[in-house]
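As structure tokens, the structure follows; a few thoughts come after it.
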Amino acid sequence: MGVKLNMTVNELALFKKNTDAIGTNRGFLYQYLKTLNSWVRNFIEEKEVVIYCETDDDIKELDLINAITRFTQVKCYSTAFSIKSEDIQKSIFNFFILYAEYGCDYSGEFYFITNSSVNKSSELLEKWSQTKGAIDEKLLEEIVPVIRGILIDHFSKTKESFVKRYKEMINTRKEKISENEKLNEKIVLEIEQIENKKRMVLDQYDKAIAFVDQEDILIDFIGKIKWQFDNISAEASIEELKKENLELVSKIKGLECVPNLMVGRLLTEVFHKSSEKLVEHRTLSNELIIRIIKESEEEIYQKADGILIGIYNRFDSIEEKIQILIERENEDKDKKIEEMEKFFLPEFHESKIQSLVEKGEKENQSNLEKKINNIGLGNDERTLVGMVTKARCTYLLYLDQLRLEGLVREYQVLKSLENSVRRLCFKAVRKNEKESDFNPHDFWIDFEDVLYELSKDFEIKFDIKIDEGIVFAQMYQIAAECPLRWHKE
């Protein structure tokens, strides 16, 4: 019988981190191959387990019959880990939040799986990884204070971040207090609401620390963590997984198409499920495999993602790719800049843009059109809606393309630029709120100039060329998500 967790489901929710992020390099393929491995293995062994992709952790497996929830963090690294590694500590913290959240209803299991190894200097992690969960009392005495320290440190940093943000919000509102009594009443009310939120954070922090201080809780939690360090290179681990998955798929009864094609089809399904916006759509089940098996060979071929399979079949090491880039740069630097360092939005077929709007961007699209409608453009409104919709959706499809093709640097440059655009948008909103004679048409023209200058600064910083359409597309996407508006509320 497990330890009774005396925390409510939501008491640690404040400290829960968003792990719904899709990898941008070799790691994403490793993670998807691991997910595929678990999915097919459960099917062959006739285990009634539902897998949730990119939910709470990289892989979440829910065994309803045995009331077990298994969370797996997957890492494909070229360096060794220690107990002080950031990824190890973040995983432990996230595991603990999930332990508190699910512990009352399910028996939780937490797995950290990596191709890499334990750093030679980390004796504690090495000893812990060798126990496979059966930890003796002496080792527990070493582990408990270390884990308590990691958890308290992460809770404290999260609390401090929230408190700092709330203090800044309060100070901003205090600066707005004037002789206008009606306005002041609203500001005072807002300050009280923020103060309440700050007190709630401090209260939840105290409860979290009290929870961490319970020895039996920590011992139970530590016993549920399993470490798997395969101690092989990233390239070798991917090749082994590909081979193992092919062998597993070959064992599926009733399989009519060639196993290689089915691997591609199932891997595509893993990728698409991992990308779904709604959690309930991210599931992989035995029933889904059965439905896929019943597809015709032509259907399977059509539904298998060509780009993903291309990466799967021709996946070079990151180190090799970097070496190739260095050699090219030494051979002809000017040609490299000319061919590789320009950022322009590519053209996508109208059907792809429409599909993106209908399947995952309906809410954002509605929000964006409402904001454009409030500008008051009259007959020009329809034209503008069409233009900004195409721009922002093209940008989102471009980001997905960079992820799929493993173009990590290009992706990171664009996301860095997007973050800068986002900061300017928030700053503009705060400024517009103070303007009594705010004019949306003037703002539109002026703000485009501000974004253009930002793109020029990035060109100098990264020695690249950025088409101005990219920063405008980023602005449209940010406006669709909420923070920016071109009209006065």
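The values are calculated or read from the model by the stated rules, or taken from the named source; none is laboratory data. What you see is a predicted model, and the numbers here were worked out from it, not measured in a lab. As a convention, Cβ positions derive from the backbone with ideal geometry for all residues, glycine included, and neighbour counts pool all protein chains shown. What goes into the accessible areas is simple: the full protein's heavy atoms, side chains included, and nothing from ligands, DNA or RNA. Shrake-Rupley method; radii C 1.70, N 1.55, O 1.52, S 1.80 Å.
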Exercise. Taking the simple approach of a point 7 Å from Cα along Cα-to-Cβ for both Arg423 and Met200, what is their distance in nm?
Worked result: 2.9
For this session: For segment 28-42, take each phi angle, set θ = phi - 60°, evaluate the Karplus expression 6.51 cos²θ - 1.76 cosθ + 1.60, and give the result in whole Hz per residue in order, putting x for glycine and proline.
Result: 5, 5, 4, 5, 5, 5, 5, 5, 4, 4, 5, 4, 5, 5, 4
For this session: Could you check the simple spin-label distance between Asp87 and Asn260, using points 7 Å along Cα→Cβ, in nm with one decimal?
Result: 3.0
Problem set entry | Accessible area (Å², 1.4 Å probe, nearest 10) - Asp463 | 90
Problem set entry | In Hz, Karplus ³J(HN,Hα) per residue of segment 254-271 (6.51, -1.76, 1.60; θ = phi - 60°; x = Gly, Pro) | x, 6, 9, 7, 5, x, 4, 5, 5, 4, x, 5, 5, 5, 4, 5, 4, 4
For this session: Note down the accessible area of His272, probe 1.4 Å, to the nearest 10 Å².
Result: 80
For this session: Rank-order 442-448, 66-72, 107-113 by packing density, defined as the average count of other C-beta atoms within 10 Å over each peptide's residues, highest first.
Result: 107-113, 66-72, 442-448
Problem set entry | Sequence-distant residues sharing a close amide H with Thr55 (under 5 Å, placed H) | Lys60
For this session: Can you pull the one-decimal nm distance between simple spin-label points at Glu192 and Ile290, each 7 Å off the Cα toward Cβ?
Result: 5.8
Exercise. How much length, in nm to one decimal, is gained on full extension between Arg165 and Asn231, taken as 0.36 nm per residue of separation minus their Cα-Cα distance?
Worked result: 19.6 nm
Seminar exercise, completed: From highest to lowest solvent-accessible area (probe 1.4 Å; ligands, DNA and RNA excluded), Thr79, Thr55, Thr283, Thr383 read Thr383, Thr79, Thr283, Thr55
Exercise. With all protein chains present, how much of the accessible area of segment 84-179 (probe radius 1.4 Å) comes from carbon and sulfur, to the nearest whole percent?
Worked result: 47
Exercise. Quick one: Karplus J couplings for segment 342-347, per residue in order, coefficients 6.51, -1.76, 1.60, θ = phi - 60°, nearest Hz, x for Gly and Pro?
Worked result: 10, 10, 10, 5, x, 8
For this session: Could you rank Arg423, Arg165, Arg392, Arg382 by how accessible they are, 1.4 Å probe, largest area first?
Result: Arg382, Arg423, Arg165, Arg392
